[in-house]
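A short write-up of the structure that comes next.
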Amino acid sequence: MNKLVNMCEMLKKAHDGHYAVGQFNINNLEWVSAILDECQELKAPVILGVSEGAMKYMGGCDTIVGMVNGYIKDNGITIPVCLHVDHGSSFEVCKKAIDAGFSSVMIDASHHPLEENIALTKQVVDYAHAHGVSVEAELGHVGGQEDNVVSQGVLYADPNECLKMITEAKLDALAPALGSVHGPYHGEPKLGFKEMAEINELCKTPLVLHGGSGIPDFQLKMAIDRGTCKINVNTECQQAFARVVREFCKATENDPEIYTNPKFYDPRKIVGPAKQGIKDVVKAKCTVFGCVGKGE
């Protein structure tokens, strides 16, 4: 059975090879199936992100670990797969996920002053590293709203503070706030590429870009050139999934047999086709990220 892996090796390879690994958030079995099947086809390493909201929706950490591990085993998934907590709000949340079998966690204490952020992050790192689990943290504030993550405005991360945090907390990856936002963008994103390059040169640690949905491909490639080797995508997958479901419902709403034909009320017939929307997004993003064929 292929085992879940942490992010360390895959992000080191991505950083050295000048490509990025995608984090695609999961919300149920359809998401797990669509993402893993497509990445297996592409031979692309992948990070499955789980927000605290999705964690509760899917029944808890043990349920999620069992579902992902079971799918990997039953469907012969051989690519590197990382199961990652997205925006963990506390040490307790991260610990619970680690104990359940998650292979990576993000502790988001970015709303605290720097010293408090470092202290809480280090607490998580100490526990995680003792269990072979990787840790990501955030510095500065990523704008927008997605799931339970809300931030007003954007505060660019300071390169020297990034170095201090990475060094003192012994981080595996850092998400510095540099102009991206959670959820849909209003207008073209304005990322801090100059600051990103400075942080990459100074810290020499894998950088993470949150809010990857809606960023133009040329900007994603510019970010990868400046040390970003993990890019988070969630909104575009959700939008694609919802679009296919709406199209299906609209196409059948005037059918007189809508309540008698299993084609219309079997949830597998409604939700199943929507997986293709997720697959299309995953394929497009992995192609832009340059990670196709890197999971062999």
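Here, each number is a calculation from the coordinates, and none is a lab measurement. All of these numbers come straight from a predicted model, not from anything done at the bench. Cβ: placed from backbone, ideal geometry, glycine included. Neighbour counts: every protein chain shown.
Which whole-Hz ³J(HN,Hα) couplings does segment 45-60 yield from phi under the Karplus relation 6.51 cos²θ - 1.76 cosθ + 1.60, θ = phi - 60°, glycine and proline marked x?
x, 8, 10, 8, x, 10, 6, 5, x, 5, 4, 5, 4, 8, x, x
Would you list which aspartates and glutamates come within 15 Å of Lys3, measuring only between C-alpha atoms, while excluding same-chain residues fewer than 8 positions from it?
Counting by Cα, and skipping residues close in sequence, Lys3 has these aspartates and glutamates nearby: Asp74, Glu296.
Which of these, His15, His129, His87, has the largest mean-square fluctuation under a Gaussian network model of the chain (Cα springs below 10 Å)?
Answer for the Gaussian network model of the chain: His129.
Report ³J(HN,Hα) in whole Hz for each residue of segment 113-122, in order, from the Karplus equation J = 6.51 cos²θ - 1.76 cosθ + 1.60 where θ = phi - 60°; Gly and Pro get x.
Once θ is set to phi - 60°, the couplings for segment 113-122 become x, 3, 4, 5, 4, 5, 4, 5, 4, 5 Hz.
Under 24 Å between alpha carbons, and skipping anything fewer than 8 positions from Lys269 in its own chain: which lysines qualify?
Leaving aside lysines fewer than 8 places away in the same chain, those within reach of Lys269 are Lys250, Lys279, Lys283.
Please list, short to long, the whole-number percent of alpha-carbon pairs of segment 29-122 in consecutive 10 angstrom bins beginning at zero.
16, 45, 27, 11, 1
Among Ala251, Ala137, Ala175, whose mean-square fluctuation peaks in a Gaussian network model of the chain (Cα, cutoff 10 Å)?
Answer for the Gaussian network model of the chain: Ala251.
Sort the following peptides by mean Cβ neighbour count (other Cβ atoms within 10 Å, averaged over residues), highest first: 69-76, 222-229, 240-247.
For the peptides 69-76, 222-229, 240-247, the packing ranking is 222-229, 240-247, 69-76.
Of Leu114, Met67, Pro159, which is farthest towards the positive pole of the chain's charge dipole, taken about the Cα centre with +1 and -1 on the beta-carbons of Lys, Arg and Asp, Glu respectively?
Met67
Using modelled backbone amide H atoms (1.01 Å from N, in-plane), which distant-in-sequence or interchain residues come within less than 5 Å of Glu136's amide H?
Hits under the 5 Å cutoff: Val105, Met106, Ile107.
Find the relative contact order for segment 203-242 and round it to a whole percent, using C-alpha pairs within less than 8 Å whose residues are 6+ positions apart.
Once divided by the residue count of segment 203-242, the mean separation gives 53 percent.
Note down the magnitude of the dipole of the chain about its Cα centre, charges +1 on Lys and Arg C-beta and -1 on Asp and Glu C-beta and zero elsewhere, to the nearest 20 debye.
Its charge dipole is roughly 600 debye.
Could you calculate the contour length gain from Glu168 to Tyr71, that is, 0.36 nm times the residue separation minus the distance between their Cα atoms, to one decimal place in nm?
Length difference between fully extended and current span is 31.2 nm.
Principal axis extents for segment 1-42, Cα atoms only, whole Å, descending order, please.
The principal-axis extents, from largest down, are 33, 21, 19 Å.
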